[in-house]
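Below is one structure, written out as structure tokens; comments come after it.
We did not get these values from a lab; they are worked out from the coordinates using the rules stated. All of these numbers come straight from a predicted model, not from anything done at the bench. FYI the Cβ positions are ideal-geometry reconstructions off the backbone, even for glycines, and counts take in every protein chain you see.
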Amino acid sequence: MSPAKYRKIIKLALAVAIVAAIAASLQHSGRQLGQMNLTISPMKLAVAIALTLIYRLLNASVWSQVLAGLGQRVAVIPSAALWLKTEAARWLPGSVWNFGTRAVVSKKLSVPATVGALSVVAELMLVIAAWSLIAGCGGVYYREVLSQTLKTIPTRSSLLAFGIGFLTCLAGLTLFRQQLRNAYQKGQAKLRSKLQHLADCSLAWGSLGKAAVAYTVLNLINGVCFWLIVASISPESSLPVEAAIAANATAWLVGFFAIFAPGGLVVREACLATLLSAWLSPATAIAAAILWRVVQIAVEIGALLAAVVLEMALKSGQSASRPA
């Protein structure tokens, strides 16, 4: 079998895995929502969905700004369409497949492979920094909530869980120490190579700064979307919009680093419900977190389909413009 056929089979298998993961997540969240007796405000929900879609599309466009910061000027619409397609890979376990996929397919934008890989590193750093800034600034709102939550955890159970986890990690490090050492050395060599390439790039700090500001503003908008979701099911809630934004940012970070959970599934919802317990009842907090997940998945599917259609239209236009 030729390498081209192998690549097609791998692409198909990945596509099937992503669709299955998204469908399973949507089914799981939808089933949970169906078991809850919710009264949802259609108007507020519609505003939240529309704003989330705008956030999604604008967020996709920032990648072109990151590439510009590395000296690669690309058209916004094709790069945004490619970003939306590759972002679907985040549903694979590991949390970083979407970034890795972008590094591979960036050549479709005539971006050198090295710069494409560096753009992914830069994007990842800027995104994490933006979410961390928002979560850190808003930490004052749920500091007491976390302290109260920690007090409810039995000390003996905590020590037992910590001991089991520590011994498991120690056993893993002992059994696979050679493999881990080899992986570390390879990773270190790759990192040095990328840093050298980064030093050779003509960085446009203004473009990178614009990307950082854009990610921060868009993440704030994302938090407002979540607050609207809460308001749609609990109009009498006393939840401040700032607290919703901060909790949303913290939950994103927790879900991202939970590499075992595709798309941060369940982990983000649990984190949100915990952080919002000072303002919402447990049932309302869980319902809001699940509804927020459903809205995000629905918007992601809609944006992905739009990206596929747009990419097909662009290819069709390019074919029609070529001389016969």
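Which of the chymotrypsin sites (Phe, Trp or Tyr not before Pro) found in the stretch 251-309 are in a DSSP loop and have at most 14 neighbouring Cβ atoms, other than their own, within 10 Å?
Details: sites: 252, 256, 257, 260, 279, 292; in loops: 260, 279.
In loop regions of the stretch 251-309 (DSSP not H, G, I, E or B), the sparsely surrounded chymotrypsin sites (Phe, Trp or Tyr not before Pro) are 260.
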### Query
Listed highest first by mean packing, meaning other Cβ atoms within 10 Å per residue, what order do 120-128, 80-88 come in?
80-88, 120-128
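What ratio of Cα Rg to 2.2 N^0.38 Å holds for the stretch 251-317? Write out the running numbers ahead of the final one.
Values: Rg = 16.2 Å, N = 67, 2.2 N^0.38 = 10.9 Å.
Here the Cα radius of gyration is 1.49 times the empirical estimate.
What FRET efficiency do you get for residue 213 and residue 308 if R0 is 45 Å and r is their Cβ-Cβ distance, rounded to the nearest 0.05?
On the way: r = 30 Å, r/R0 = 0.66.
In this case the efficiency is close to 0.90.
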### Which listed pairs, of 44/85; 44/108; 107/186, have C-alpha distances above 30 Å, in listed order
44/108
